[in-house]
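Single-structure report; data block below.
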Amino acid sequence: GNSVTQMEGPVTLSEEAFLTINCTYTATGYPSLFWYVQYPGEGLQLLLKATKADDKGSNKGFEATYRKETTSFHLEKGSVQVSDSAVYFCALISSGSARQLTFGSGTQLTVLP
Amino acid sequence: GAGVSQSPSNKVTEKGKDVELRCDPISGHTALYWYRQSLGQGLEFLIYFQGNSAPDKSGLPSDRFSAERTGGSVSTLTIQRTQQEDSAVYLCASSLGWGLNTGELFFGEGSRLTVL
């Protein structure tokens with residue numbers, strides 16, 4: 001079956017620090033990969049996605065590259081801001097018939113001024 | 001509506017009582033999904049609807065859980081004889097259509113259920 005493993009939190013960084021949140025996956029077929037973000041008091045929202053190997057998803061300064069050889073989709077940002085404090089979820093959807101998102105356990109990020 | 005709306009936002013109930021959680025998806029979205037988010041765990045898929053049909057109910061944790069959707073719009077998740085382990089945030093999401101599901105789901109803010 002499909003599964004997503006992501007770096008356990010919580011992660012605490014100072015403003016302008018470099019961020020990496022690791023994510024690896026197991027899936028049948030050729031999955032599409034996603035990062036969702038949940039800001040305090042809000043619903044989850046899509047941050048970025050990549051649909052095939054070597055694709056790079058990017059949004060709001062965040063990037064993640066679909067690495068088929070390492071089955072990874074690590075989230076990175078060069079300089080975090082306080083407003084990036086949130087819970088980040090890695091997810092995948094399989095190319096097979098079970099087309100529901102499978103999520104990782106989430107990583108809490110806190111950015112201090 | 002403009003976004004996915006869930007109610008109640010918070011529910012505290014006593015063990016053994018029944019609860020109903022409601023989800024109003026984005027207008028025009030034919031696919032609707034229920035997830036459960038427990039403390040320290042990821043999002044657990046419960047069930048999805050395409051229109052009013054739920055082709056796969058295998059994600060429901062037990063037979064105390066049921067869900068329905070009427071008119072291709074509003075969905076209700078019902079938990080009977082609640083147990084303390086049912087305490088969680090129940091998230092609803094919608095998308096344009098199951099067959100068109102590119103993975104971009106639109107989530108509500110969730111219903112936090114606490115079973116005492």
> Applying the selection to the stretch B:28-66, what residues are surrounded by 14 or more Cβ atoms within 10 Å (Cβ to Cβ), of a type in the set (A, V, I, L, M) and part of a loop (DSSP other than H, G, I, E, B)?
Replying inline: B:Ala54, B:Leu60
>> Going residue by residue through the stretch A:61-80, is there one that turns out to be more than 10 Å from the chain's Cα centre (by Cα) and under 22 Å from B:Ile47 (Cα atoms)?
In response: no
> Is there a residue being of a type outside the set (A, V, I, L, M, F, W, C), in contact with a strand residue (DSSP E or B) (Cβ under 6 Å, 6 or more places away or on another chain), surrounded by 13 or more Cβ atoms within 10 Å (Cβ to Cβ) and within 14 Å of another protein chain (Cβ to nearest Cβ) anywhere in the stretch B:67-76?
Replying inline: no
> B:Gly51 versus (1) away from every other protein chain (no Cβ under 14 Å); (2) farther than 27 Å from A:Thr51 by Cβ: which is the lone unmet condition?
Replying inline: (2)
>> Six or more apart or on different chains, Cβ atoms under 7 Å: show the pairs whose first residue is in the stretch B:63-88 and over 18 Å from B:Ser7 (Cα atoms) and whose second is assigned to a strand (DSSP E or B) and not basic (Lys, Arg).
In response: B:Arg64/B:Ile79; B:Gln83/B:Val115; B:Gln84/B:Val115
> away from every other protein chain (no Cβ under 12 Å) and of a type outside the set (Val, Ile, Thr), is that true of B:Gln37?
Replying inline: no
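No value in this document is a laboratory result; all are computed from the given coordinates. Here the structure is a predicted model, which means the values were calculated and not measured. Because the Cβ atoms are built from the backbone with ideal geometry, glycine has one as well, and the counts that use them run over all protein chains shown.
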